[in-house]
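Participant: I'd like to ask you about the structure that follows.
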Amino acid sequence: MSIVTVQLGQCGNQVGQELFDVICKDARDGQKRGYSDASTARFFHETTTGDLTSRAVLIDMEPKVINHSMSKAAKSGRWRYGEKSHFSQKQGSGNNWANGYCVHGPRHREAMEDLVRREVERCDRLAGVVTMMSVAGGTGSGVGTYVTQCLREVYPNSFILNHLTWPYDSGEVIVQNYNSVLTLSHLYGLSDAILVHENDTVHRICAQLLNIKHISFGDVNRVIAHQLASVLQPALTTDSYGDYSRNPLGELVSSLACHPEYKLLSVCGIPQVASSSMAYSVFSWPGLLKHLRQMLISNTKMEEGIDWQVRAPPVHCGGAEWAHSFRTTGFNRSLANLLILRGKDVFSAEADGFQDAALYTSWLPPREAFSMWKSPVFFNQYEKSATLVSNSQTLLKPLDNMVRKAWNMFASRAYIHQYTKFGIAEEDFLDSFTSLEQVISSYTQLC
C-alpha cells in the first residue's frame, strides 16, 4: 500500500527530501527483492521512462526551499519529485500561524487539494497521508494545520499521521510557543497520531553520538529522516505471513493510538554511532534491547547518559503511589510501544522486557500495549538496529514547558495583536490552552 507525503514549509520540505533520499538508497542498495519492491511501491511511482518519482506534494509560501529540494533530488540520480507536484507563492507567512491558517490556507485551498488528489489517484491502494512540518514557523504550522483539516474533510476514512519537528527550547522564533500551542491543539482533533522529533534531542545526537563538530540543519534533518525511515520502511508483523505490503500507517495507529486522549508519539533508535567508529563496533540483540528498554523507562532519549537507577514501580502500584514514584524516580509510564527490529538474526531476538506489565497503564494489558515488527534486511548500514515508537509520558515535560511559556506571554498580551489582525481571537487561544491542558492532565495521570 502507498503513502502520500505532504511536505509543508521550510522544515517539512527539507526533512522530506532527506527522508526520500534515505528510503530510496535503502531500497535500492542490494536489498532483497520483496523488501525493495514493497518500499518502492510504498513511496514512489515509476514514470514511463522508468524513473522513480516520489509520492509527495511540496507546499511553501516561498519558492526557494522547494526549488532547492527538487534540484537536490534530481541531482541524486536515484529519484526525483514530480514536475507539477509543488505549490509556492512569492510571500511567506512571516512566522505567524494565523497568517498561514486564516489567510494563505483558505486562499490556496483548491490548488493544494488538487495536488494531493492527483497523488492519491496514482496509488493503487492508499495507506494514508503523512504530513511533515515544523510547529514553530508560520507556513509549516499554520498552512500545515489548515491542509490537515482539509485532508480530514476530503479523506475522512484515511489515516493521517502528522510528523512534527519541535523547535529548540532556547528559541528559533519569538512567537514559536504561540504557534506550537495553536498547531498541536488543532491537530489533536484532526490527526490519527502525531509523531514528534525534538530539535534539542537530535542536536545532542549529532554532537555526542555522531561526533559532528559543526552541526547544521542538514545534519539534524538527516538524523530525523533516518529515524523516520526506520519506522516507515517495510517490516513484517506477527500476522503478515512474510508479506511486506501491509498498511503501515493503519498498523502504526492501531498499535499505538488506541485512545483519542493519547496521540503523541516519540521515536528513538539504536545504535547511532559515527561512521568512523562503525568498523570497531559490535552489537548484539540482548545488549541493544537492554539499553533501549532502560532508555524508555528512564526517559533518556539517546544511548549516552542512560540513568540505570530508574526502575519500574510494582505492577499493582495505585494512583497516589504511582504519582509519587513518577516524581521521585522519573519513571516513564507507557500507554503503548512499538518495537521495530532490523538486521541479522532478527527472528532470534527476544523482547520479553518490553512486555513487562509494570511498564504500562493498568487498563491495557501488555499483549495489547506492545507490538513488534521485524525485518531481516539491514538498515542504514547497521548489521542490527532497533527503533522504538512510544506513546508514553516522554513528551510531557517539553509540552508542559511550551504551554507554560506561551501562557506567560499570553497573560501579558505580548504579540496578540499580530494574530488578531488575521482573525484569531483571544478566545481561540484560550480554547487551545484548555485543549492542551487536558492532554497534559491525561498523560500526567497515566497509571
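The values are calculated or read from the model by the stated rules, or taken from the named source; none is laboratory data. Keep in mind the model is a prediction, meaning the values are calculated, not measured. Cβ placement follows ideal geometry from the backbone for every residue including glycine, while neighbour counts extend to all protein chains displayed. Ligands, DNA and RNA are stripped out before the accessible areas are found, and what is left, the full protein with its side chains, is counted by its heavy atoms. Shrake-Rupley method; radii C 1.70, N 1.55, O 1.52, S 1.80 Å.
Matching residues to (1) more than 16 Å from Gln10 (Cα to Cα); (2) basic (Lys, Arg):
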{"position": "Gln91", "(1), (2)": "no, no"}
{"position": "Leu115", "(1), (2)": "yes, no"}
{"position": "Arg122", "(1), (2)": "yes, yes"}
{"position": "Gly128", "(1), (2)": "yes, no"}
{"position": "Ala136", "(1), (2)": "no, no"}
{"position": "Thr139", "(1), (2)": "no, no"}
{"position": "Val143", "(1), (2)": "no, no"}
{"position": "Tyr146", "(1), (2)": "yes, no"}
{"position": "Gln149", "(1), (2)": "yes, no"}
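Participant: So Gln89 clears everything in (1) open to solvent by less than 40 Å² (accessible area, probe 1.4 Å); (2) more than 19 Å from the chain's Cα centre (by Cα) except one condition, right? Which one?
Facilitator: If we test Gln89 against (1) open to solvent by less than 40 Å² (accessible area, probe 1.4 Å); (2) more than 19 Å from the chain's Cα centre (by Cα), just (1) comes out false.
Participant: On to the next question. Working carefully through the options Ser441, Ser385, find the one that is within 30 Å of Met278 (Cβ to Cβ), within 24 Å of the chain's Cα centre (by Cα) and small (Gly, Ala, Ser).
Facilitator: Only one candidate qualifies: Ser385.
Participant: Then there is this: Could you list all residues from region 425-447 that are open to solvent by 10 Å² or more (accessible area, probe 1.4 Å) and β-branched (Val, Ile, Thr)?
Facilitator: Selection gives Thr434, Ile440, Thr444.
Participant: Which members of region 159-209 meet the condition of being of a type in the set (Gly, Ala, Ser) and not in a loop (DSSP other than H, G, I, E, B)?
Facilitator: Within region 159-209, Ser180, Ser185, Ala193, Ala207 qualify.
Participant: Right, something else. Check Leu265, Leu289 and return the single one that is under 22 Å from the mean Cα position of the chain (by Cα) and under 25 Å from Asn162 (Cβ atoms).
Facilitator: None of the other options fit; the residue is Leu265.
Participant: Moving to a separate point now. What is the one condition in (1) buried (at least 19 other Cβ atoms within 10 Å of the Cβ); (2) out of contact with any Gly (no Cβ under 7 Å at 6 or more places or on another chain); (3) of a type in the set (D, E, K, R); (4) closer than 25 Å to Thr139 by Cβ that Asp60 does not satisfy?
Facilitator: Checking Asp60 against (1) buried (at least 19 other Cβ atoms within 10 Å of the Cβ); (2) out of contact with any Gly (no Cβ under 7 Å at 6 or more places or on another chain); (3) of a type in the set (D, E, K, R); (4) closer than 25 Å to Thr139 by Cβ, the one that fails is (2).
Participant: Please go through region 422-435 and give me each residue that is aliphatic (A, V, I, L, M) and either assigned to a loop (DSSP other than H, G, I, E, B) or over 16 Å from Thr183 (Cα atoms) (or both), ordered by number.
Facilitator: Ile424, Ala425
Participant: While we're on this one: Filtering region 224-243 down to residues that are assigned to a helix (DSSP H, G or I) and open to solvent by 10 Å² or more (accessible area, probe 1.4 Å), which residue is farthest from Ala349 (Cα to Cα)?
Facilitator: Per the criteria, the residue is His226.
Participant: Return the residues of region 350-386 that are over 20 Å from Leu252 (Cβ atoms), open to solvent by less than 40 Å² (accessible area, probe 1.4 Å) and touching a strand residue (DSSP E or B) at 6+ places or on another chain (Cβ under 6 Å); say none if nothing qualifies.
Facilitator: The answer is Lys384, and nothing else.
Participant: While we're here: Anything in region 393-421 that is among the hydrophobic types (A, V, I, L, M, F, W, C) and under 29 Å from the mean Cα position of the chain (by Cα)? List them, or say none.
Facilitator: Passing the criteria: Leu395, Leu396, Leu399, Met402, Val403, Ala406, Trp407, Met409, Phe410.
Participant: Quick one: which residue in Tyr188, Tyr262 is within 30 Å of Asn99 (Cβ to Cβ), surrounded by 14 or more Cβ atoms within 10 Å (Cβ to Cβ), among the hydroxyl-bearing types (Ser, Thr, Tyr) and out of contact with any Gly (no Cβ under 8 Å at 6 or more places or on another chain)?
Facilitator: It is Tyr188.
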